[in-house]
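Here the structure comes first, spelled out in structure tokens, and everything after it is commentary.
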Amino acid sequence: MLGNSSSTNCTLSSPPLLGEICKLFLMVLLIIAIILGNVVSLLVFLQARQFRTSQGYLKVSLALADLAVGLIVVPYSIYREASSLVSGMGQGSRSCSIPSLPCFVTGPIFAGCTFVSITTIFLLSVERSVAVLKPLHKRAVITKRRTVWLILLSWSMSFLLAVVPMISSPDITLQYNPCSKMCTFAFPAGRLPGSSWNIMLLFPAFDFSLLGGTFVINFITFSAIRQYCKARGWLGSEAQHNSRLSFSDITAAKTIGVLTFAFSASFSPIAVFVVGSVLGYQWCQFSFYAFWILTSNSCWNVAIYSAWDPKFRQGIRELFSRPVLNSASQRPSRSTEGDSSAPACVAVLKEMFHPENA
């Protein structure tokens, strides 16, 4: 996504072969974890009717962004590294990478999906804040149709922002970086970074602005939850009659808070690397850890949902027990459940755009 892969990065000593094999093995494990985790998340969100809400749609958007990283970005890195190992070329013996068509696909996808993740987490925080602060007005303020349009807007803006460096400067291109093992923005060989390289600061500035706003929103939300819990402790059951804030709303807010901290922790190293690259520093080993810590964030969300969200755990249990239950007992009643027998994605799309359900 980000970084500097100028010619100085191509004249490094050859790393131990065992270390390269271990890194490749970790990439393979990561792609398995990303794909399996996000496929399970999508199946749970699409199959369970209780997740067909504005919050559920936002989590589907987040899972799709993470899944795209596992299906497109990581496999290309594995292909490049496996090809290099098979051909017997170490990092030090590689020639400088040249712009290639796959990098012009995987690079913007990785950058765009990163922006989609942070914007989606921001929207999730706003949705939970409204649900906690204005529980009686939640359904009127946050509708499914508005959520869908916000999701489409976030994807469009994120991928537009991902290609801004190439649009703003003809000297910036995309190359496969043997240090970070990712397709990153770079200057062609023989050209040194100039003032146009400062456009790369737009990426950490955008993400940290949204992260800062997300932390502020979460702070306000958790302050309201704390006051509500104190009032409920003082007044007992009377507090529950005066507010429609439920236990699931509080749990969802805590889950989104954990998501925010997880993304912030994974993005911070890459932000440090980008700022250092703009200042002229060459951090080969650090670039690998920075990029792949951020990539590993794509498989954290399902673990966070499983640990903090009881509804998600229930959805997983129902997902894996459904084939056994439907084998005999529920087969005769399939005709009476026309909506549930239809493909889950079709039912979700109908609920997204049907005016009565918005």
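The values are calculated or read from the model by the stated rules, or taken from the named source; none is laboratory data. A quick note: this is a predicted structure, and the numbers were derived from the prediction, not measured. When we count neighbours, we look across all protein chains shown, and the Cβ atoms used for this are built from the backbone with ideal geometry, even at glycine. Heavy atoms of the whole protein, side chains included, go into the accessibility calculation; ligands, DNA and RNA do not. Shrake-Rupley method; radii C 1.70, N 1.55, O 1.52, S 1.80 Å.
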For this session: Hey, can you grab everything whose amide H is under 5 Å from the amide H of Cys183? Only 5+ residues off in sequence or another chain; H modelled, so Pro and N-termini drop out.
Result: Asn177
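I'd like the per residue volume of the convex hull spanned by the Cα atoms of region 47-186, given in cubic angstrom.
Per residue, the Cα convex hull of region 47-186 comes to 130 Å³.
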Exercise. Ignoring ligands, DNA and RNA, what accessible area per residue does region 116-165 give at 1.4 Å, in Å²?
Worked result: 48
For this session: Please give, to one decimal in nm, the separation of the simple spin-label points placed at Ala265 and Phe320, each 7 Å out from Cα toward the Cβ.
Result: 2.4
For this session: Compute, for Met166, the solvent-accessible surface of its heavy atoms (probe 1.4 Å) with the complete set of protein chains present, and express it in square angstrom to the nearest 10.
Result: 50
Seminar exercise, completed: In the structure shown, of Lys134/Lys311; Lys181/Lys254; Lys144/Lys230; Lys59/Lys230; Lys59/Lys138, the pairs separated by more than 27 angstrom at the C-alpha atoms are Lys181/Lys254; Lys144/Lys230; Lys59/Lys230
Seminar exercise, completed: So, with points 7 Å from each Cα along the Cβ direction, the Cys22-Arg49 label distance in nm works out to 5.2
Exercise. Hey, if you put +1 on the Cβ of every Lys and Arg and -1 on every Asp and Glu Cβ in region 118-228, which of Ala186, Ile220, Leu133 ends up farthest toward the positive end of that dipole?
Worked result: Leu133
For this session: Quick one: what are the phi-derived ³J(HN,Hα) couplings along region 167-180, Karplus 6.51/-1.76/1.60 with θ = phi - 60°, whole Hz, x for glycine and proline?
Result: 6, 6, 9, x, 7, 9, 9, 10, 9, 7, 9, x, 7, 7
Exercise. Full extension from Phe159 to Leu29: what is 0.36 nm times the residue separation minus their Cα-Cα distance, to one decimal in nm?
Worked result: 44.1 nm
